[in-house]
Amino acid sequence: MNGGIADPWSDPGLGLALEYRPVPALGVEAGLIRYDDILGAQRERAHTAVQGSAIGYLVPRSPVRPYALAGLTWQGRNVHDTYFDGEEYGLYQNERAAWGPHAGLGVEFGLGQRWVIDLEGRVIGYLNHAGTDPSLPGALQTTLAIGHRF
């Protein structure tokens with residue numbers, strides 16, 4: 001997300017993802033992540049992302065498992081923040097949900113039989129981005145996750 005051409009932001013988030021692997025090399029994942037600008041004096045940005053992905057693992061039986069994923073993201077937004085476009089300041093307000101496809105790469109590190117650490121990056125392209133909206137028509141999402149297999 002971007003508040004203006006020269007004023008990007010990045011907010012921390014916390015979420016939950018559930019993945020089902022019918023075979024070791026392929027998985028389907030549903031996730032929910034809440035992002036909030038908890039470091040600001042007042043709440044200016046809050047986002048809730050709901051995502052569904054298909055995941056393909058390159059070496060599924062290795063302790064280090066690189067993967068690629070693709071899917072869809074729906075993101076509820078509640079933004080009331082100032083931005084600087086390189087020339088002047090403005091107030092960006094948006095409570096309109098954004099949605100679109102995402103794609104990404106990641107690597108999962110196995111820690112024994114049940115636990116994993118996961119590093120991932122996704123690019124999201126919003127298909128319903130309004131031409132008058134000063135934010136970017138997409139987002140970069142990075143995650144660090146701890147997972148448990150059942």
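The values are calculated or read from the model by the stated rules, or taken from the named source; none is laboratory data. Just so it is clear, the model here is predicted, and its values are computed rather than measured. With ideal geometry, Cβ positions are generated from the backbone for all residues, glycine too; neighbour counts draw on all protein chains shown.
Laid out as a table, the results:
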item	result
Looking only at region 117-137, and only at residues there that are free of Cβ contacts under 8 Å to residues at least 24 places away in the same chain and farther than 15 Å from G31 by Cα, the one that is nearest to the chain's Cα centre (by Cα)	V123
Residue in region 78-100 that is of a type in the set (F, W, Y), farther than 18 Å from L14 by Cα and either within 17 Å of the chain's Cα centre (by Cα) or outside any strand (DSSP E or B) (or both) present	yes
Filter result for the condition that a residue is surrounded by 14 or more Cβ atoms within 10 Å (Cβ to Cβ) and under 28 Å from L105 (Cβ atoms), over D36, D81	D36
Scope region 56-77; condition buried (at least 18 other Cβ atoms within 10 Å of the Cβ) and more than 15 Å from the chain's Cα centre (by Cα); matching residues	Y57, R65, Y67
Close pairs (9 angstrom Cβ cut-off, 6 or more residues apart or separate chains): over 30 Å from Q93 (Cβ atoms) in region 54-79, surrounded by 13 or more Cβ atoms within 10 Å (Cβ to Cβ) and of a type in the set (K, R) anywhere	I55/R21; Y57/R21; Y57/R65; L58/R65; V59/R65; P60/R21; L69/R122
Matching residues in region 117-150 - criterion: being among the hydroxyl-bearing types (S, T, Y) and part of a strand (DSSP E or B)	T142, T143
Which numbered condition L140 misses (of (1) without any contact (Cβ under 8 Å) to a residue 24 or more places away in the chain; (2) loosely packed, with under 12 Cβ neighbours inside 10 Å; (3) among the aliphatic types (A, V, I, L, M))	(2)
Residues of region 39-50 classified as at pLDDT 95 or above and among the polar types (S, T, N, Q), total	0
Residue list for region 96-124, filter: closer than 21 Å to Q51 by Cβ, buried (at least 16 other Cβ atoms within 10 Å of the Cβ) and small (G, A, S)	A98, G100, G104, G106
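Per-residue answers, yes or no, for (1) at pLDDT 95 or above; (2) among the hydroxyl-bearing types (S, T, Y); (3) in contact with a helix residue (DSSP H, G or I) (Cβ under 6 Å, 6 or more places away or on another chain):
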position	(1), (2), (3)
G52	yes, no, no
A68	yes, no, no
Q75	no, no, no
N78	no, no, no
Y92	no, yes, no
R96	no, no, no
A103	yes, no, no
F109	yes, no, no
G112	no, no, no
